[in-house]
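First comes the structure, then the notes that go with it.
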Amino acid sequence: MVVERELLEAASKDERKLFKVIVWAGWPLDEFLIGGDASKEGGLKLLDKMLIQGLADFLEEIHGIYGFLPAVIGSINGRNILRLRSSLPSFVYGIEAIRKVRVCLKNSVPLISADKLHEIGITGNGVKIGIVDTGVDAVCSLEGKVTSSRSFVPDEDSDYKGHGTHVAGIAAGREDVYSGVAPGAHIISAKVLDREGEGDEEQVANGIMWAYTNGADIVNLSLGARHPSGPKSFLSRLCDALADKGVVVVAAAGNDGPEEGTINSPGSSKKAITVGAIDKNRILAPYSSRGPVDGVMKPDILAPGGLIVNSLDEGIISTRSSFSELGRYPDGCHTSLAGTSMATAHASGSAALILEFARRKGIVIKNDHFFVKKVLVSSARDLGYKRNEQGAGLIDVYEAMRRAESYKEEEIMEEEMKDFGRDLASILVPSAIVGVSSVLLGALIQPKKGSSEEIYAQVDSILNMLESRMLQLNEEYRRGIIPPDRYSEEMMRISSILLKLNELIKKI
């Protein structure tokens, strides 16, 4: 990638135009800052300061720092984009344009067996679901449910589209007739899409991070990119990083089916729980996007999404925003929509039920996201479709609860280490990582078993090998031995390994 081809072409047409871009850094950052704070150096760690100072020569303004990835969002003029083509700073391995994002457009609770959990008092109590969408209107079934909200859309505070309110009602609405999946859960609302249901990656990323910093246990992303985007895209990588932090990330597969390979970011995130849609008869919705995504099998699961998008008769009934123009039912409180957005909300509500159950039972969990994904996927009902159409099948949250009771942390840790080992093997000689992986796995499963000296010795060996590889890549790129795309891809992989290693060490 280095400097994205499309960005270079646009810059060459107008050197004075300002472009909003994502700058990929070569090491993990320590901060998450947005707005005015992102341009301040006070309080930043040394590496962050070096990056900001280095970018000051190129960027007109820094909008946000996303330490999870690591990446910076800012504005740059076309002239400087063309300069960067031949003089990219050594601490930056890629620059790409910010892209547009859009929404992914009766009683479905029994379809996923959530009513059985309600009967035994499991309603998602104490769980916070972050709805990153068009906003949430706290009316009818959502009255008193929204604990905090913020708009990232200029000059818009309300849900004029109605999409976010509808999604929130499915996930956590509380009422007698059209109850949500987790009526005991609360909502954190981040408005990132406007009255047309559109926004951009920066707005979505800021909403995700705000929900995370405000205590969201689950982040619901009933939205998707308007362009083809795989697991390495900005939002997909942000979702992966958030999952590593333990936040349950649930993303829509999208409404671009029935063709294969139609799942875009953030549904293309490797680690997110990606949700496709069925109708009330458990038939796969024709609009539900299909995988695979760059070799990653998606979606992960299915949930009720309705049959016909925007049909009052064939959609999912949920709360209607008082500001929207959506058709309403006679009670004035409800409307009907269909899409993988609605399916995603069912999955988020299911995740809330599982989290409440686990907390009640005192189940020891080191990472909520991988725990929830494991039990939902392993308990899903096979509907007979292809893997890239249905994933594991239809959510059965009652069966997921039963799986949670017999959950073993070792299974998740082993899967994490396998992924980590595969990532290392893609960069280093496989024989060099055997000892590293086995020592870290032992320490994760039985923290007191391995000595701290042995663990940190293995970590140091990884860091030394990665540092040597980075120096080698920089030299090969400088001398023109490897092309820009390969340089960016390998540096991105190393950055991902460093972030993963950091999260693994925290668990020991």
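Computed from the coordinates by the stated procedures, all read-outs in this text should not be read as laboratory data. None of the values given here were measured: they were computed from a predicted structure. As a convention, Cβ positions derive from the backbone with ideal geometry for all residues, glycine included, and neighbour counts pool all protein chains shown.
Mind listing the phi-derived Karplus ³J(HN,Hα) values for region 383-399, rounded to whole Hz, using 6.51, -1.76 and 1.60 with θ = phi - 60°, and x for any glycine or proline?
Here the 3J(HN,Hα) series is 9, x, 8, 5, 4, 7, 9, 10, x, 7, x, 7, 4, 10, 5, 5, 5 Hz.
Can you list the residues, at least 5 places off or on another chain, whose amide H is less than 5 Å from the amide H of Gly94, using H built in the peptide plane?
Amide H neighbours of Gly94, under 5 Å, 5+ apart: Trp24.
As a footprinting exposure proxy, order Glu175, Glu196, Glu259 by other Cβ within 10 Å, with the fewest listed first.
With the fewest neighbours first, Glu175, Glu196, Glu259 line up as Glu259, Glu196, Glu175.
Near the amide H of Asp200, under 5 Å away, which other amide H atoms are found, from residues 5 or more places off or on another chain, if H is placed in the peptide plane?
Long-range HN contacts for Asp200: Val101.
What percent antiparallel are the DSSP beta bridges of region 102-405, to the nearest 5?
Counting only bridges with both partners in region 102-405, antiparallel ones make up about 30 percent.
Under 24 Å between alpha carbons: how many lysine pairs meet that in region 96-237, if sequence neighbours fewer than 8 apart on the same chain are excluded?
The number of close lysine pairs in region 96-237 is 14.
Exposure proxy check: His166, His63 ranked by fewest other beta carbons within 10 Å?
Fewest-to-most ranking of His166, His63: His63, His166.
Would you be so kind as to identify which of Ala277, Ser222, Gly246 lies farthest towards the positive end of the dipole of region 172-299, taking Lys and Arg as +1 and Asp and Glu as -1 on Cβ and the Cα centre as origin?
Gly246
Among 280-290, 75-85, what's the highest-first ranking by average C-beta atoms within 10 angstrom per residue?
Descending packing order for the listed peptides: 280-290, 75-85.
Report ³J(HN,Hα) in whole Hz for each residue of region 192-202, in order, from the Karplus equation J = 6.51 cos²θ - 1.76 cosθ + 1.60 where θ = phi - 60°; Gly and Pro get x.
10, 10, 8, 5, 8, x, 10, x, 10, 4, 5
Could you rank the peptides 461-474, 137-150, 207-220, 224-237 by their average count of other C-beta atoms within 10 Å per residue, with the highest value first?
207-220, 224-237, 137-150, 461-474
Search the structure for amide H atoms under 5 Å from the amide H of Ile363, placed 1.01 Å from N in the peptide plane, and list their residues when 5 or more places away or on another chain.
The answer is none.
Cα-Cα pairs above 35 Å in region 102-405: how many percent?
Summing the P(r) tail past 35 Å for region 102-405 gives 6 percent.
Please compute P(r) over all alpha-carbon pairs of region 175-251, binned at 10 Å starting from zero, and give each bin as a whole-number percent.
16, 48, 28, 8, 0
With the contact rule set at Cα under 8 Å and sequence spacing of 6 or more, what percent relative contact order holds for region 174-262?
24
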